[in-house]
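The values are calculated or read from the model by the stated rules, or taken from the named source; none is laboratory data. Predicted model, so just to flag it, every value in this text is computed and none were measured. Here the Cβ positions follow ideal geometry from the backbone for every residue, glycine too, while neighbour counts run over all protein chains shown. Note: accessible area is taken over every heavy atom of the protein model, side chains too, but ligands, DNA and RNA are not part of it. Shrake-Rupley method; radii C 1.70, N 1.55, O 1.52, S 1.80 Å.
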Amino acid sequence: STGLVTYDPGFANTASCSSEITYIDGDAGILRYRGYPIDQLAEHSTFLETSYLLIHGELPTTDQLASFENNIRRHTLLHEDLKNFFDGFPSDAHPMPVLSSAVSALSTFYQDSLDPFSQHDVELSTYRLLAKLPTIAAYAYKKSVGQPFLYPDNSLGLVENFLRMTFGFPAEPYEVDPTLAKALDRLFILHADHEQNCSTSTVRLVGSSQANLFASVSAGINALFGPLHGGANQSVLEMLEGIRAAGGDVGEFVTKVKNKEAGVKLMGFGHRVYKNYDPRAAIVKKSADEVLEALGKRDDLLDIAIELEQHALADDYFVERKLYPNVDFYTGLIYRAMGFPTRMFTVLFAIGRLPGWIAQWNEMINDKSTRIGRPRQLYIGAGERDYVEVEKR
Ligand code: SDX
């Protein structure tokens, strides 16, 4: 047990964990961060204010938030050696392995402040991660499109700075669209934590060996990359594009899913915990229309997504299995309208999930009962037998 998570071999969903951070009622479709309902935070909070709430347990005062934001602002730059790190990757590298590698490499620049039991070191690592992950993400994108990197501009907020480093050019001024920034800030809030999902459990398990925060988060990024987890937002767009390319017949695709043809799944649907509509998906769906309209974009893939959802929610196969849209079903359509390529979608998920990983890692490392994660197994292999020389096999 890692103090908070006890693994019951073979039954992935019986892992038990006690935590004060996020509450989910999967049957009622309820999600709360430190007791605050997700729809209220999405409506009234900001990503950094919600990050403070998750990490410190309370909503910040004006001064506390200003100090938190300022401490993060001071760490947006990467060490020049880390900036050169991107030269080592092929330009067609997927940004997620670039992200996990760069985050892991961060620990090589701060070897004197990695002590997981030092409040000073953990606070510094927290500011460094929250500040640098958007910079690393923007550089991974710029590398993939062969464009020059932009240094952060600390007169901007975190989200605005990220948008400018991603879509700006050194040759001309870049005006951040406030609609875009507000919509992305809200999406980051929606992704900020989700109790013991695969990537968060990975961060806790790696951290339980007393590996530093950068190493633990790097492992979480790799877990998130999987198409069954955060990678689903990329797979949803690929699925919708596939349906459109095949003529747009949603019913035909749903039949393939029900027949379980070649592992075809309705990506962006289903959830281990939610057996009701994912409350985040409802908020994203509502804002998808608003964002596309505000950006003056129409997207026939949104029409296909809505038709697909209506078709599935009326089909016994999905109803019996309590399969509803999850957070990944609509997010990709908004990211696409914002101008992000599909391969950056899971990177955006990682930026949003970072404060949750940090909060959960902190809770684990500060729990006196935490021991190294060491799941046991049920041995079902061969019984004892003697070695046989190769000529007799
Ligand atoms: C995230 O845990 C979290 O909180 C994750 C997350 C977070 O914020 O961190 O919410 C983010 O990862 C959301 C999930 C994104 N992934 C996808 O959208 C990929 C598609 N979804 C599925 O792969 C699946 O629903 C999972 C992985 C999300 C959940 O898998 P489970 O709980 O192991 O469910 P299961 O595979 O046991 O499915 C139960 C039944 C099976 O049918 P039978 O074999 O009993 O006939 O439902 C079927 C499955 O085949 N099923 C699906 C399906 N999801 C489940 N059938 C078609 N399409 C799907 N999407």
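Could you go through the stretch 288-300 and let me know if any residue there is in contact (Cβ under 8 Å) with a residue 24 or more places away in the chain and more than 27 Å from Arg343 (Cβ to Cβ).
no
For the stretch 318-331, enumerate the residues that are within 11 Å of the ligand (Cβ to nearest atom), under 23 Å from Ser287 (Cβ atoms) and open to solvent by less than 20 Å² (accessible area, probe 1.4 Å).
Pro325, Asn326, Val327, Asp328, Phe329, Thr331
Regarding the stretch 243-257, can at least one residue be identified that is within 15 Å of the ligand (Cβ to nearest atom), assigned to a loop (DSSP other than H, G, I, E, B) and open to solvent by 20 Å² or more (accessible area, probe 1.4 Å)?
Scanning the stretch 243-257, I find no residue that is within 15 Å of the ligand (Cβ to nearest atom), assigned to a loop (DSSP other than H, G, I, E, B) and open to solvent by 20 Å² or more (accessible area, probe 1.4 Å), so the answer is no.
Applying the selection to the stretch 265-311, what residues are in a helix (DSSP H, G or I), touching a Pro at 6+ places or on another chain (Cβ under 8 Å) and among the hydrophobic types (A, V, I, L, M, F, W, C)?
Ala281
In this structure, is Ala262 within 15 Å of the ligand (Cβ to nearest atom), open to solvent by 50 Å² or more (accessible area, probe 1.4 Å) and in a helix (DSSP H, G or I)?
On the way: within 15 Å of the ligand (Cβ to nearest atom): yes; open to solvent by 50 Å² or more (accessible area, probe 1.4 Å): yes; in a helix (DSSP H, G or I): yes.
Yes: the conditions hold for Ala262.
Taking into account only those residues within the stretch 307-317 that are more than 25 Å from the chain's Cα centre (by Cα) and closer than 15 Å to Lys258 by Cα, which is farthest from the ligand (Cβ to nearest atom)? Step through it out loud before you land on a result.
As a first pass, look at the stretch 307-317 and keep what is more than 25 Å from the chain's Cα centre (by Cα): 307, 310-317.
Imposing the further condition that a residue be closer than 15 Å to Lys258 by Cα reduces the set to 311-317.
On the way: His311: 13, Ala312: 9, Leu313: 13, Ala314: 15, Asp315: 11, Asp316: 12, Tyr317: 8 Å.
Among those residues, the one meeting the criterion is Ala314.
Hey, can you tell me all the residues within the stretch 105-115 that are under 15 Å from Gly220 (Cβ atoms) and open to solvent by 10 Å² or more (accessible area, probe 1.4 Å)? If you could, list the steps in order and put the result at the bottom.
First, pick out the residues of the stretch 105-115 that are under 15 Å from Gly220 (Cβ atoms): 106-107.
Once the filter is applied, which keeps residues that are under 15 Å from Gly220 (Cβ atoms) and open to solvent by 10 Å² or more (accessible area, probe 1.4 Å), the stretch 105-115 yields only Ser107.
Test of understanding: among Ala93, Ala102, which residue is aliphatic (A, V, I, L, M), buried (at least 20 other Cβ atoms within 10 Å of the Cβ) and under 23 Å from the mean Cα position of the chain (by Cα)?
Details: Ala93 fails: buried (at least 20 other Cβ atoms within 10 Å of the Cβ).
Answer to the selection: Ala102.
Report, ordered by the first and then the second residue, all pairs with beta carbons closer than 7 Å, sequence separation of six or more or different chains, a first member in the stretch 273-284 that is free of Cβ contacts under 8 Å to residues at least 60 places away in the same chain, and a second member that is in a helix (DSSP H, G or I) and near the ligand (Cβ under 10 Å from one of its atoms).
Short answer, once both residue conditions are applied: Ala281/Phe329.
Considering the stretch 332-370 alone, what residues qualify as being open to solvent by 10 Å² or more (accessible area, probe 1.4 Å), under 21 Å from Ser91 (Cα atoms) and part of a helix (DSSP H, G or I)?
Hits for the stretch 332-370 are Arg336, Thr342, Arg343.
So is Val159 touching a helix residue (DSSP H, G or I) at 6+ places or on another chain (Cβ under 8 Å) and under 17 Å from Met338 (Cβ atoms) or not? Don't jump to the end; show me each part of the working.
Values: touching a helix residue (DSSP H, G or I) at 6+ places or on another chain (Cβ under 8 Å): yes; under 17 Å from Met338 (Cβ atoms): yes.
Yes; evaluated as a whole, the condition is true for this residue.
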